[in-house]
């Protein structure tokens with residue numbers, strides 16, 4: 001029996017060398033956000049990135065500044081740190 005991830009940590013790597021980690025409840029939620037917001041927006045406009053499960057808390061980035069994305073499944077509470 002395989003374990004199901006509790007959430008997914010998405011590591012956004014920026015052009016200036018910064019890295020931010022945001023959480024998505026499911027892989028499908030990340031894929032929907034990525035498809036609708038990050039790739040569909042103009043490269044130099046600001047887009048909202050939901051930081052956590054809290055409503056109204058966002059990171060604002062330009063899609064052109066995101067140079068890499070790593071998606072990591074998180075399986076238990078110890079992984080949330």
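Read the figures in this text as sums done on the coordinates, not as results from a lab. Since this is a predicted model, take the numbers as computed values, not measurements.
For the pair residue 72 and residue 32 in one chain, pulling the backbone fully straight at 0.36 nm per residue adds 12.8 nm over the alpha carbon distance.
Both radii are taken from the alpha-carbon atoms of the chain; with Rh as the Kirkwood radius, Rg/Rh is 0.98. Here the contact order of segment 7-80, divided by its residue count and restricted to Cα pairs under 8 Å and six or more residues apart, works out to 39 percent.
Which of 12, 38, 59 moves most in a GNM of the chain, Cα contacts under 10 Å? Looking only at 12, 38, 59, the largest GNM fluctuation is found for 59.
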